[in-house]
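Right, one structure below, let's go through it.
The values are calculated or read from the model by the stated rules, or taken from the named source; none is laboratory data. Please read these numbers as outputs of a predicted model, since none were measured by experiment. Cβ atoms come from the backbone with ideal geometry, glycine included; neighbour counts cover every protein chain shown.
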Amino acid sequence: MRIVALVGFAVVEADKPVIRGYGTSRKYGAVYTEKANLTVSDLKIVPKIPSRFDAREQWPQCASVIGRIRDQSDCGACWAFGTTTAFNDRYCIATGNADEVFSPWDTVTNGGGFGCGGGNPDQTWEWLRDTGVVTGGDSDDVGKGTTCQPYQFGFCNHHEASDNYQMCPPPNCPGGCKLPSSGSSSCSEAGYGKSYEADKYHASSAYSIRGVQQMQSEIMTYGPITVGFDVYQNWEFYRSGVYSGTDASAYMGGHAVKVIGWGECTDCNPKYICHSLTAAVPDSWCLTNCLLAHPYNCPASTCKCDAPYPPTLEEETRNVSAGGSTPYWLVANSWNPDWGENGFFRIARGSNVCGFEGEHVSAGHASSAVMI
């Protein structure tokens, strides 16, 4: 059995259970080596922010777009997916057009980042404003001629078990997925009826967002937003519930995602692939000793590793919160629908866990989005 970890960019493979496969040579998808020149949102805080909000419910005509979970595959394209899909949602909300699917392939190959080596989501919103993005479906749309630049890399398994996908890289990337040496300013689909230039969709603005209430106001008013945050090792093995802390696990790098709403829950402690059966050790101990350690030290009386996923009902009721409600963000990842909660995850809201409410929150207006 092999473990593959993908955070934004690099797949690091190690014969289970060699933990040093997660070494410092890894690279990640959300990188901020250069600052973006973004203005700050001037949207007034919504007077009455509800305890729960889901953009799919607020704009049902766009639910199929907002709720679509895509897959960056064996490539550090989180920065392209977290921005392009949020813009796609906002375009649908602003125009009512749920038929157009925007292309993370165009973004990752032409958007000014480092391709599969990562990119700055804040700067990518500037690119969406200044240059625009063409249409593009997923790998199974290649050859159909329905979009300009569909994503070339196939869906693959980003976690410990999947009945639907093989471990990354996917079958169409033997040896690992590699981008072309340069971007393409033409549509890759011969049957598509528009030129690359005629197919471009432009955001009308790009800006940063500051603070929890501003994030909520933006989502309520214009639609989903992009967040860049820090990833720690225990999050890679998330299954369900509200992720609320790093549990002293190793820092892995940066990741970019799309936030579609928020809520509160009372039965939502986080669950991982391997979890503790006793209060004597944390879940992170089980993740390390049952998945990564060499030699193994995974006593059945202390830890349990779930299969198949998601956890069974018995395991779902194991971690009921002791009392009170937990506020969370509702977030779409780009690791296909088999990961987490059908491709989504929840993370604690209001405590800036992993910098989620920090300086790397961005979006752009789509009210004037037009093809140029």
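Please tell me if residue 165 is of a type in the set (Phe, Trp, Tyr), buried (at least 24 other Cβ atoms within 10 Å of the Cβ) and either at pLDDT 95 or above or more than 28 Å from residue 206 (Cβ to Cβ) (or both).
Answer is no for this residue.
Scan segment 268-297 for residues that are at pLDDT 85 or above, surrounded by fewer than 20 Cβ atoms within 10 Å (Cβ to Cβ) and hydrophobic (A, V, I, L, M, F, W, C) and jot them down.
277, 279, 280, 281
In this structure, is residue 44 touching a residue at least 24 places away in the same chain (Cβ under 8 Å), surrounded by fewer than 16 Cβ atoms within 10 Å (Cβ to Cβ) and not polar (S, T, N, Q)?
yes
Taking strands (runs of 3 or more DSSP E) that fall entirely within segment 216-295, which contain at least 1 residues that are touching a residue at least 60 places away in the same chain (Cβ under 8 Å)?
225-232, 238-240, 251-265
Would you mind stating whether residue 46 is of a type in the set (A, V, I, L, M, F, W, C), within 19 Å of residue 259 (Cα to Cα) and touching a strand residue (DSSP E or B) at 6+ places or on another chain (Cβ under 9 Å)?
It is false that residue 46 is of a type in the set (A, V, I, L, M, F, W, C), within 19 Å of residue 259 (Cα to Cα) and touching a strand residue (DSSP E or B) at 6+ places or on another chain (Cβ under 9 Å).
Looking at the structure I just gave you, is residue 255 surrounded by fewer than 22 Cβ atoms within 10 Å (Cβ to Cβ) and on the phi < 0 side of the Ramachandran plot?
no
Can you tell me which residue within segment 298-321, out of those that are of a type outside the set (Ser, Thr, Tyr) and surrounded by fewer than 14 Cβ atoms within 10 Å (Cβ to Cβ), is modelled with the lowest pLDDT?
It comes out as 313.
Since residue 105 meets every condition but one in (1) within 29 Å of residue 239 (Cα to Cα); (2) assigned to a loop (DSSP other than H, G, I, E, B); (3) hydrophobic (A, V, I, L, M, F, W, C), which condition does it not meet?
(2) is the only condition that residue 105 fails.
Against the definition (small (Gly, Ala, Ser) and in contact with a Gly (Cβ under 9 Å, 6 or more places away or on another chain)), how does residue 64 come out, yes or no?
no
Out of 195, 217, which single residue is buried (at least 18 other Cβ atoms within 10 Å of the Cβ) and under 28 Å from residue 100 (Cα atoms)?
Going through 195, 217 in turn, just one is buried (at least 18 other Cβ atoms within 10 Å of the Cβ) and under 28 Å from residue 100 (Cα atoms): 217.
Can you confirm whether residue 90 is modelled with pLDDT of 95 or more, within 22 Å of residue 211 (Cβ to Cβ), among the basic types (Lys, Arg) and assigned to a helix (DSSP H, G or I)?
yes
Please work out if residue 78 is in contact with a His (Cβ under 6 Å, 6 or more places away or on another chain), within 17 Å of residue 151 (Cα to Cα) and buried (at least 24 other Cβ atoms within 10 Å of the Cβ).
So residue 78 passes the test.
Got a sec? Which of 105, 125 is surrounded by 21 or more Cβ atoms within 10 Å (Cβ to Cβ) and farther than 21 Å from residue 210 by Cα?
105
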